[in-house]
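The values are calculated or read from the model by the stated rules, or taken from the named source; none is laboratory data. Note that the coordinates shown come from a computational prediction; the quantities given were computed from them, not determined experimentally. Here the Cβ positions follow ideal geometry from the backbone for every residue, glycine too, while neighbour counts run over all protein chains shown. Each accessible area value is taken on the protein alone, full model and side chains, heavy atoms only, with ligands, DNA and RNA left out. Shrake-Rupley method; radii C 1.70, N 1.55, O 1.52, S 1.80 Å.
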Amino acid sequence: VVPALGEVTERRSGEFVMNFIMNPSGMTREHPVGQELLREYLSPMPFQNVSVEEARSILEYLRSQNN
């Protein structure tokens, strides 16, 4: 079970989404929202080993789904 991705870019900043994609364990350890998400969903997001360019593409895809 994970949070819904629909409109995630309206709920979270691009910086937050990029940071979570690139460093999910750091975000769940250090960011209050990341800690809250881990408490709620009880399962950390796995590290995906994507490049900055790939993470940016994912972010842009998520943004495109809001239209």
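Things to note:
- The C-alpha atoms of the chain define a longest principal axis, and helix 52-64 lies at about 70 degrees to it.
- For the chain, the solvent-accessible area of protein heavy atoms averages 72 Å² per residue (probe radius 1.4 Å; ligands and nucleic acids excluded).
- Contact order relative to length of the chain, as percent, for alpha carbon pairs under 8 angstrom and 6 or more apart: 47
- Sites listed here are chymotrypsin sites (Phe, Trp or Tyr not before Pro) in the range 19-50 whose DSSP assignment is loop and whose Cβ has at most 14 other Cβ atoms within 10 Å: 47.
- Kirkwood radius for the chain, taken over all pairs of different Cα atoms as the inverse mean of 1/r, rounds to 12.2 Å.
- Nearest-ten-degree value, helix 32-41 long axis tilted from longest Cα axis of the chain: 80
- Fraction of accessible area attributable to carbon and sulfur, the chain (%, probe 1.4 Å): 53
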